[in-house]
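Visitor: What follows is a single structure, and I will ask about it in a moment.
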Amino acid sequence: MRETKNRKKAENVMIDAVKDTSDDNKIPETKRKKSKGKCKMIFWEVLYVPILLVYLEIAFHIYMDMNLEYAPVYVLFALSFGFLLSAICVALPKIVNRIVKCALSIFIGFLFGVEIICRDILQQYYQLFSALDTAAGNHLGDYGDAIIASMAKNWLAVVLMLIVPAVFSIIAIARKKYFKKKRFAGLERFLLTLIFFIVFHVIGLGLVNLYPWEGDFTPKKLYRMDTYTDDQVEQLGVITMLRLDAKHSLFGAPEGTDIDLGALETAVDEAETREPEVEEIVYEPNVMEVDLQQFIDGDYNQDVKWLSAFIQATEPTMQNEYTGMFEGYNVIFITAEGFSGYMIDEELTPTMYKLANEGFVFNNFYTALHFTSTSGGECQNLLGLYPKGGFPVSVTETGKQGTYLPFTLANILADDGYTSTGYHFNSNMYGRELSHPNLGYEWRQTTECDNPLTVERDDSGSKYWPQSDDYMVEATMNEYLGNAPFNIYYLTISGHLPYSNGGNDMSARNAELVADLPYSDTTKAYLAANLELEKGLTRLVEALETAGIADKTVIVMAPDHVPYADMDVLEELAGRDFGSDSLESLNESAIDFDAYKSSLIIWSASMEEPVEVDKVCCQVDILPTLLNLLGQEYDSRMLSGTDILSDSEGLVAFFSNSWKTDKGIYNRFTETFTPAEGVVMTAEEQEAYVNRIKTLVSCRMEMSSIIIENNYYKLVFEE
């Protein structure tokens, strides 16, 4: 019996020992599970959004083939903003947190995707928050086919920017153990996440401001700007560009400019000491009597002071042998949608060929694509100013603010009794119902004006898209031909994208006329659409001749921009390579700038022979050239452009701040200057020249926003 008891006791001890051993093994395993679960929760609660933003920024930059040199900057800012969003999510109830995190994932991915589509179609990244007002007033349905085509072409971007974040957000929502129930632990994570937000943001700011960045545009400079979104996206990241946009929309853009005018003083001194040429006729400068010093010394903001100092330091252009050549003439100014001079052909477009080669012939005219496409082109053509490289849209803002614009053709010719009317056979876009009357025109479009135009419709009653430029001329010319002197502005529409027989009714209308040409279907459709403009010009010239006023009328025609959605069209028409890979995204660091080369028409039947001009010139030069030809008084220092026919040096400023002059071309990305053929400079002369023109370009690009936002012309001329 005793042996039996002892044996049972021993067995119990062994069982207890085994249990103890088993428990010892279970404790570490339980701890590991808890630790693993805690790590998962920390990832989904705290790290998920920062990692998502870093992923989106890196994937975006790689997909858009951007320079990864600036990756540390936008990664730090992505982490910082991600931790801020995580802190907000941590503070929310569990269910709300999941919904918000899922919505954030999809919305942020959507924003990245939108920027890719904007860059593909409009060739620019957009400040989406400050653009909301403009987008609401425009008709995005006009771009429907282009948007669908862009999404199909960029299907991989849709997957990377939208599908991947959506999948991860669904996984996040599906987590059962998402939060610990302890409130203190949640508060702990909230405070810790906020600390990470602050730390990464401070490190990012330190990298932006303290690292010795090189180049004309640096993260430090761009962080303090509300323009140059392409550079902001590349160097600071999409998130930071949009964040700065939201900040500027709420609290206003930064005031003041850090452009040093010192580099311009040498040019002014040289102009004053230059020995005058011996001439029989002494030409006067195109300036007006204004006291600019009072604005430099007076109680005005820094922008007004700076602009006044710049204008005062600017050498005016001189009147010349062409001053007043068209004085008293009727004016017909045409801004041609998506037009390029490469399409002009003696057989296909005989009227365009006649006007481009029998009037003033500008052999080096450029139509650089600047911000907001058509409205940006109008800003250059009609105001003689470069549009602001961001929102608000320059011309639109003049209408909203009622900006005083004394140098527009319509406003300046009103004193001479001209009737000024503008026509656009499209619905209201870019707020033209306010801006164009402010430019001095009785503005007529198909909607939102006092006297709307009647659109052309097919047999079933559906309106054509786009409308016909020939129909526009036919429907309007009898309104002004008998009312000289007149100043007419046409904003065409037939050449609007997309270029296909299925998406452009004008391409389909003229398809047979281009069917046998040796081009792709897209290029044929582009030419076919623009044949409506050719027909309209032919009708217009014949009507002027019939009325007997062709020799008392000057026709001016310039593009608004290149056909930016289909830049390969230009290569086909020009028969040369402009850098196809970079043309598709208009990467100005690699393209041949001759892709922007075009034709400016200034023609009158009174011209007995053509006048060839080899000077480099661009759209902002059109207005001062016309004002001089019309014999009007204006101040040449107060416009970004200069009279092409004057003795001033030619200059074209591209959107990237690269530029071209008669002496050579400067690539801002490589910081290299290539002298034109026959130009010889010493190293010192070249350095001084490049610094001066770089400063001049920066100043001229800065002018419009300061003029518009401060109503500068009114301020100056009222004083």
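The values are calculated or read from the model by the stated rules, or taken from the named source; none is laboratory data. Predicted, not measured: the structure shown is a model, and the values here were computed from it. Every residue, glycine among them, receives a Cβ derived from its backbone with ideal geometry; neighbour counts consider all protein chains shown.
Visitor: Among the residues of the stretch 413-435, which ones are in a helix (DSSP H, G or I), closer than 17 Å to Phe333 by Cα and in contact (Cβ under 8 Å) with a residue 60 or more places away in the chain?
Guide: Of everything in the stretch 413-435, just one residue is in a helix (DSSP H, G or I), closer than 17 Å to Phe333 by Cα and in contact (Cβ under 8 Å) with a residue 60 or more places away in the chain, namely Leu413.
Visitor: Checking the condition over 16 Å from Gly402 (Cα atoms) and modelled with pLDDT under 95, which residue from Glu718, Glu702 passes?
Guide: Glu702
Visitor: Out of the residues in the stretch 420-443 that are within 18 Å of Ala484 (Cα to Cα) and out of contact with any helix residue (DSSP H, G or I) (no Cβ under 6 Å at 6 or more places or on another chain), state the one that is surrounded by the fewest Cβ atoms within 10 Å (Cβ to Cβ).
Guide: Only one residue fits best here, namely Glu442.
Visitor: Name the single residue, out of those in the stretch 523-551 being in contact with a Ser or Thr (Cβ under 7 Å, 6 or more places away or on another chain) and free of Cβ contacts under 8 Å to residues at least 60 places away in the same chain, that is nearest to Met607 (Cα to Cα).
Guide: The qualifying residue nearest to Met607 (Cα to Cα) is Asp551.
Visitor: A further question follows. Determine if the stretch 572-584 includes at least one residue that is in contact with an Asp or Glu (Cβ under 8 Å, 6 or more places away or on another chain), among the charged types (D, E, K, R), buried (at least 18 other Cβ atoms within 10 Å of the Cβ) and at pLDDT below 95.
Guide: Within the stretch 572-584 (the criterion being in contact with an Asp or Glu (Cβ under 8 Å, 6 or more places away or on another chain), among the charged types (D, E, K, R), buried (at least 18 other Cβ atoms within 10 Å of the Cβ) and at pLDDT below 95), the answer is no, since none of the residues qualifies.
Visitor: Continuing with the same structure: Taking the residues in the stretch 93-149 that are outside any helix (DSSP H, G or I) and touching a helix residue (DSSP H, G or I) at 6+ places or on another chain (Cβ under 6 Å) as candidates, determine which candidate is modelled with the highest pLDDT.
Guide: Per the criteria, the residue is Tyr125.
Visitor: Being of a type in the set (Gly, Ala, Ser), farther than 30 Å from Cys699 by Cβ, buried (at least 20 other Cβ atoms within 10 Å of the Cβ) and modelled with pLDDT of 95 or more: is that true of Gly359 here?
Guide: yes
Listed here are the residues, each with its yes/no results for (1) of a type outside the set (A, V, I, L, M); (2) in a loop (DSSP other than H, G, I, E, B); (3) surrounded by fewer than 21 Cβ atoms within 10 Å (Cβ to Cβ); (4) on the phi > 0 side of the Ramachandran plot.
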residue	(1), (2), (3), (4)
Gly536	yes, no, no, no
Leu540	no, no, no, no
Glu545	yes, no, yes, no
Ala590	no, yes, yes, no
Asp594	yes, no, yes, no
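Visitor: List pairs: first in the stretch 459-482 and free of Cβ contacts under 8 Å to residues at least 40 places away in the same chain, second basic (Lys, Arg), Cβ under 7 Å, 6+ apart or cross-chain?
Guide: Correct list of pairs: Lys463/Arg457.
Visitor: Count, please, the residues in the stretch 215-250 that happen to be in a loop (DSSP other than H, G, I, E, B) and free of Cβ contacts under 8 Å to residues at least 24 places away in the same chain.
Guide: Qualifying residue count, the stretch 215-250: 2.
Visitor: Would you check if Gly495 is assigned to a loop (DSSP other than H, G, I, E, B), at pLDDT 95 or above and under 22 Å from Leu382 (Cβ atoms)?
Guide: Yes: the conditions hold for Gly495.
Visitor: Return the residue satisfying two criteria in turn: it lies in the stretch 585-609 and is polar (S, T, N, Q), within 20 Å of Gly377 (Cβ to Cβ) and modelled with pLDDT of 90 or more, and of such residues it is farthest from the chain's Cα centre (by Cα).
Guide: Once the filter is applied, the top-ranked residue is Ser599.
Visitor: Something else about it: Any chance the stretch 274-291 includes a residue that's modelled with pLDDT of 95 or more and within 30 Å of Tyr526 (Cα to Cα)?
Guide: No, every residue in the stretch 274-291 fails to be modelled with pLDDT of 95 or more and within 30 Å of Tyr526 (Cα to Cα).
Visitor: If Met681 meets every condition in (1) in contact with a Pro (Cβ under 7 Å, 6 or more places away or on another chain); (2) without any contact (Cβ under 8 Å) to a residue 60 or more places away in the chain; (3) hydrophobic (A, V, I, L, M, F, W, C); (4) in a helix (DSSP H, G or I) apart from one, which number is that one?
Guide: (4)
Quick grid of which residues meet (1) free of Cβ contacts under 8 Å to residues at least 24 places away in the same chain; (2) crowded, with 19+ Cβ neighbours inside 10 Å; (3) closer than 17 Å to Leu383 by Cα:
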position: Thr642; (1), (2), (3): no, yes, yes
position: Lys660; (1), (2), (3): no, yes, no
position: Thr670; (1), (2), (3): no, no, no
position: Glu685; (1), (2), (3): yes, no, no
position: Met703; (1), (2), (3): no, yes, yes
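Visitor: One residue is enough: does the stretch 529-552 have a residue meeting the conditions under 30 Å from Gly664 (Cβ atoms), touching a strand residue (DSSP E or B) at 6+ places or on another chain (Cβ under 8 Å) and modelled with pLDDT of 95 or more?
Guide: No, that holds for no residue.
Visitor: Let me ask something else about it. Filter the stretch 501-530 down to the residues that are part of a helix (DSSP H, G or I), surrounded by fewer than 17 Cβ atoms within 10 Å (Cβ to Cβ) and among the charged types (D, E, K, R) and list them by number.
Guide: Result: Glu512, Asp521.
Visitor: Could you list all residues from the stretch 385-419 that are of a type in the set (Gly, Ala, Ser), surrounded by fewer than 18 Cβ atoms within 10 Å (Cβ to Cβ) and touching a Pro at 6+ places or on another chain (Cβ under 9 Å)?
Guide: The one that is of a type in the set (Gly, Ala, Ser), surrounded by fewer than 18 Cβ atoms within 10 Å (Cβ to Cβ) and touching a Pro at 6+ places or on another chain (Cβ under 9 Å): Gly417.
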